[in-house]
Amino acid sequence: MVRGNLAAVAVALCCIVAATGQMPPYSFVPAPPGNVVRAESVAFNGSNPGDRWEAITSKEQVGSGNGRRFYQWYLSIYQLRRGAYRLRYESPKNGGPLTRVRQANGANVWFPVQEASIVGAAALTRKRVQLLVVQSHEMAADCGSATVTIFGAKPGGTVGPLATVTNSCELSARIPADGASLELSGPYYAPNAALCCPTKPHATAVLRYVDGKWVASPNYFKVE
């Protein structure tokens, strides 16, 4: 399993090389769990070349049954310190957006069924200071819930969630050309609408940071 992790990190670093043209001569301590899906460089504290961060999504198979595989997903955020990328935040261990996948009453089924992806990095609040945008989805018996999480620097040199947007069933995010906002897409449910019947099946809203607050317009999705 350790060899598999290291091989996956190597693949992720190759992706970084393709994007930047340079090979970071650093290891990840500890290595991301499971198999790496995507790696993204994020300038949480601006463009200072001495302050470098990497965000990695990975997944690890926890079981199989009824012809399908079940995975635990992870989001790992690393900071370059003392010659290596060192882990600063990991979900689900340190909190959201992901939760721990568990087997259901001894059956060959694991819940929640989950998925996560990195949308990208963008200067949503200040120029040259990037935030990380991650979207995730978890479900059990029904269509589940979707979350867009915005990560940024916090006091004490750490990182963590700064804002979350949630919605029933589906929610996706896209960073438009202006790089200073997020475009959110998903079904809109009025307060009394059933999950089967969204009030607006294909709704879109723009999320911006205005006067110290995150504001989605129109107000289709829950922002916290």
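The values are calculated or read from the model by the stated rules, or taken from the named source; none is laboratory data. Keep in mind that what you see is a predicted model, and the values were worked out from it rather than measured. Cβ sites come from the backbone with ideal geometry, for glycine too, and all protein chains shown count toward neighbours.
Below is a table of values for the structure above.
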| item | result |
| --- | --- |
| Boolean, ASN192 is modelled with pLDDT under 95 and either farther than 19 Å from PHE44 by Cα or surrounded by 15 or more Cβ atoms within 10 Å (Cβ to Cβ) (or both) | yes |
| Candidate set from the range 33-78 (those that are of a type in the set (Asp, Glu) and under 22 Å from ARG128 (Cα atoms)); member that is nearest to the chain's Cα centre (by Cα) | GLU40 |
| Number of the exception - PRO155 against (1) in contact with a strand residue (DSSP E or B) (Cβ under 9 Å, 6 or more places away or on another chain); (2) under 27 Å from TRP53 (Cα atoms); (3) modelled with pLDDT under 95 | (1) |
| ALA163 of a type in the set (Gly, Ala, Ser) and over 24 Å from the mean Cα position of the chain (by Cα) | no |
| Residues satisfying the stated conditions in the range 164-179, i.e. under 13 Å from ILE150 (Cα atoms) and assigned to a loop (DSSP other than H, G, I, E, B) | ILE175 |
| Residue under evaluation ILE77, criteria (1) touching a Lys or Arg at 6+ places or on another chain (Cβ under 9 Å); (2) modelled with pLDDT under 95, criterion not met | (2) |
| Flag if VAL29 is at pLDDT 50 or above and buried (at least 18 other Cβ atoms within 10 Å of the Cβ) | no |
| Count of the range 129-147 residues which are hydrophobic (A, V, I, L, M, F, W, C) and either free of Cβ contacts under 8 Å to residues at least 40 places away in the same chain or loosely packed, with under 15 Cβ neighbours inside 10 Å (or both) | 4 |
